[in-house]
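One structure below.
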Amino acid sequence: MTVYFDHAATNFIDQDVIDFLAKELVNNNYNPAARYTSGIEAAFSIERSVSKIASTLGAKTEEVIITSGATESINTALKGIVFAPNPKHKRILSSSGEHPATTETLKFIEKQLGYTIDYCPLNNQGVVELNQLEEFLIAHDYDLLTLIQVNNVLGSVNPVEKIVKLRNQLRPNLPIHLDAVQSLAKIPFDFENLGIQLASFSLHKIGGPKGSGILLKSEDTRIEPLIHGGGQQNNLRSGTENPAFVATMAYVLEKMQRDFSRNNSHVVELKQHLISQLEQARINYQIISPQDAVPQIVSICFPELRAETLLNILNKEQIEVSIGSACSSKKSERNQVLKQLNLLNNLDQYVIRISLDKNNTKTEINNLVKNVKIALDKYAV
Amino acid sequence: MKIDYQELILVRLGEITLKGLNRRRFEARLIQNMRYRLRDLGKFKIYQDQSRVYIEKRPQDEIEFPTREILKRIKEVFGYTSASPVRRFSNDKDLLYEQVKAYVAQLFSDGKRHTFKFETRRVDKKFPLNSYELNSDLGALVLERYPDQATVDVHQPELLIQIEIRKDIYLYHEIQPAYSGLPVGTSGKGMLLLSGGIDSPVAGFQMASRGLLLESIYFHTFPYTGDQVKQKVIDLATRISDFSGKMPLHIVDFTEIQLELNEYVPPEMMTIVMRRMMMRIADKLADQKKINCIITGESLGQVASQTVDALRATNIVVNRPVFRPLISNDKNDTINLAREIGTYETSILPYEDCCTVFVAKHPKINPSLADCEFAEQDLDIPDLVKQGLNNIETIII
């Protein structure tokens, strides 16, 4: 029996979602571009599903683009702005807490297109320091500001509302793109209210199938499509649309919305239980995630045992967690976000990430803590 | 005239032809090893004649002779210098000419220009033409048939077409060089200390090429090193066994011993004491298996534990010779060889085999024997060795 604490990486798919998807794949599998009745019905199905999706995200139907995942959404947003036929400052502002889907794309844009990328550093709470961001915005005119909303390593939440206010004040024409991959099901998300221009999501983080993603794009934002072809989705993302998947995405999002409060309370309880268990077991630990991080993501440092070693032990006990930095002398293996927290003595190599969700139980937490204790007692050097 | 020939592989023996009375034993072993290496392709007629070995289809087999597959596999067998795919047919002058025409047609079928030369060895003196006559006659024939493609080069021809006239006639041009060395099993057995690094697999390969049968030993420290490292070592052992034959891999559970060392040994002496413990266990295991030498991938000066003093300190705890074939190697040479024998890519996979947790920042690089004895004074060495030997998982690769 495996115990799964890596929900930030991906989620299990609930049986009702699988049943829903299976049925859709049988009954709703036509090409929505076809001219005969079945095709037209498929197209209507997509429209209905997209409308539902938009509604759960606080966006308009026209603002939703269906993609193959968050990495594609992020690529589309960033490259889309860069290649759009708009006047350019050739400068992009981001942070140093981003996911590789963002950082690698920015590196590409920098190298191949000669852009300057500014990275606003994180403070010790794992979020961008507003003062520093302000300085960047005052100093330069940018083509795009791209930021992660909920950090996947720490669970820290960037102050998006305040950042949007700053943008409105200082650079009202600057489009903002949000990597909201870890936001769904953890914090409420409303596209219109936030006042941002682009947002990327991935459904497999909330119990949908891998290979389904969303890019929200406000109507007045112009992007060059990443993927050219048959002109589907208003030419913004060519490729045969998948009525069964899109319907399932709507189903998953509506389910998430319905159960939002209940699931969050459950996870808050679990996190508290985890901490109390660690205390009770008198384990030497330090929570690296800031106080106001989402409860679902808990980065913990166990200073007595390397993360990789602990991972090996937990893995043998079929307890699945993730680690921040691999135990390696190679610089590239060290997690960039953790490095910025300036943990003493290479402690970033002692950090494991536990990500909780509605399916975890207190018993599982007890099992985890028990095994951590055994591991520390036996193998701590 | 029917152009019928038999395909076979001709294997040339080198060093082992010098072994005098032992020659029979070496040749027999070489043939046995070849048979083993070719076992997945089927059974073949393999025999020795003078200073050559021949690989042929058995008379009862209908299948096509898998020339290329055989050549590929025997490349990994030690004990001969080169091999050639050969066409053999009856000793008849007219047949020879027809065979050569057909053979050469194949060589020039690509439409490109090639330089060539014939080289004939006439062992059967009754053959109507002598070597010189044959070479020129056949050369002229080729020039006539392929005027736009063929040119003669008597010094470094691209195609050196060889003809041997014996009881039968042998026709070939390709020579596939081998690693040479001695057939595995003719020099006894060795215990290889295998890690997941680049060096030890290469050391294993080198010693197997001198005819040593190998058994290997690997020290696993779970959970400080994960199971991926163990798998990496198994993969490396599997590759080495392609050259060295069936090889037992002894996986020693070293964790408890490591923790014991960590408790009693000063940190800067940890590396050297660890190595001494590993050597002791390997030595005792070799003793049990009646293996009289140990092999390591050590190279002088490469890491802290490989200074002369350190090597002396690790050498002194064993009771048999330690072969270090890479001792004077430049790292680049070792890497190149690792690439060639197909172990490099596996070795560089990022799973560390010696957890850096236990290695001091500043290990003592020139430990004297007294230093070692002092560092080990609180350890019950015979007990630790026994512990190591009692916790071995053996896999036959």
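The values are calculated or read from the model by the stated rules, or taken from the named source; none is laboratory data. These figures come from a predicted structure and were not determined experimentally. Cβ sites come from the backbone with ideal geometry, for glycine too, and all protein chains shown count toward neighbours.
The figures follow:
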| item | result |
| --- | --- |
| Considering residues of the stretch A:288-311 that are more than 14 Å from chain B (Cβ to nearest Cβ) and surrounded by fewer than 18 Cβ atoms within 10 Å (Cβ to Cβ) only, the residue farthest from A:ALA185 (Cα to Cα) | A:GLN291 |
| Among (1) farther than 30 Å from B:VAL77 by Cβ; (2) surrounded by fewer than 15 Cβ atoms within 10 Å (Cβ to Cβ) - the single one B:PHE108 does not satisfy | (2) |
| Members of the stretch A:276-326 found to be part of a strand (DSSP E or B) and under 20 Å from the mean Cα position of the chain (by Cα), listed by number | A:ILE297, A:VAL298, A:SER299, A:ILE300, A:GLU320, A:SER322, A:ILE323 |
| Residues of the stretch B:114-136 classified as assigned to a helix (DSSP H, G or I) and buried (at least 16 other Cβ atoms within 10 Å of the Cβ), total | 2 |
| Whichever residue in the stretch B:338-397 is hydroxyl-bearing (Ser, Thr, Tyr) and part of a loop (DSSP other than H, G, I, E, B) and, among such residues, is modelled with the lowest pLDDT | B:TYR351 |
| Residue in the stretch A:80-92 that is in a strand (DSSP E or B) and touching a helix residue (DSSP H, G or I) at 6+ places or on another chain (Cβ under 6 Å) present | no |
| Residue that is surrounded by the fewest Cβ atoms within 10 Å (Cβ to Cβ) [pool: residues in the stretch B:183-220 that are hydroxyl-bearing (Ser, Thr, Tyr) and closer than 28 Å to B:GLY14 by Cβ] | B:SER187 |
| Qualifying residues in the stretch A:65-85 (those that are surrounded by fewer than 20 Cβ atoms within 10 Å (Cβ to Cβ) and over 13 Å from the mean Cα position of the chain (by Cα)) - the one nearest to A:PHE108 (Cα to Cα) | A:LYS79 |
| Output for the stretch A:111-132, where each listed residue is without any contact (Cβ under 8 Å) to a residue 40 or more places away in the chain and in contact with a strand residue (DSSP E or B) (Cβ under 9 Å, 6 or more places away or on another chain) | A:TYR115, A:THR116, A:ILE117, A:ASP118, A:TYR119, A:CYS120, A:VAL128, A:GLU129, A:GLN132 |
| Complete set of residues in the stretch B:375-397 that are surrounded by fewer than 17 Cβ atoms within 10 Å (Cβ to Cβ), touching a residue at least 40 places away in the same chain (Cβ under 8 Å) and over 30 Å from B:GLY245 (Cα atoms) | B:ASP378, B:ILE381 |
| Search result, residues across the stretch B:222-249 that are out of contact with any Leu (no Cβ under 6 Å at 6 or more places or on another chain), farther than 26 Å from A:LEU305 by Cβ and not hydroxyl-bearing (Ser, Thr, Tyr) | B:ILE234, B:ASP235, B:LEU236, B:ARG239, B:ILE240, B:ASP242, B:PHE243, B:GLY245, B:LYS246, B:PRO248, B:LEU249 |
| The stretch B:240-257: number of residues that are farther than 30 Å from B:ARG35 by Cβ and buried (at least 21 other Cβ atoms within 10 Å of the Cβ) | 3 |
| Pair list, Cβ < 7 Å and 6+ apart or interchain, from the stretch A:342-364 residues that are of a type in the set (Phe, Trp, Tyr) to residues that are outside any loop (DSSP other than H, G, I, E, B) | A:TYR350/A:CYS301; A:TYR350/A:ALA307 |
| Search result, residues across the stretch A:21-63 that are polar (S, T, N, Q), more than 23 Å from the chain's Cα centre (by Cα) and crowded, with 20+ Cβ neighbours inside 10 Å | A:ASN28, A:SER45 |
| So B:PHE78, is it assigned to a strand (DSSP E or B) and closer than 26 Å to B:ILE9 by Cβ | no |
| Selection count, the stretch B:219-278, where residues are within 30 Å of B:LEU369 (Cα to Cα) and either assigned to a helix (DSSP H, G or I) or away from every other protein chain (no Cβ under 11 Å) (or both) | 31 |
| Criterion violated by B:CYS372 - all others in (1) more than 20 Å from B:ILE240 (Cα to Cα); (2) touching a His at 6+ places or on another chain (Cβ under 7 Å) satisfied | (2) |
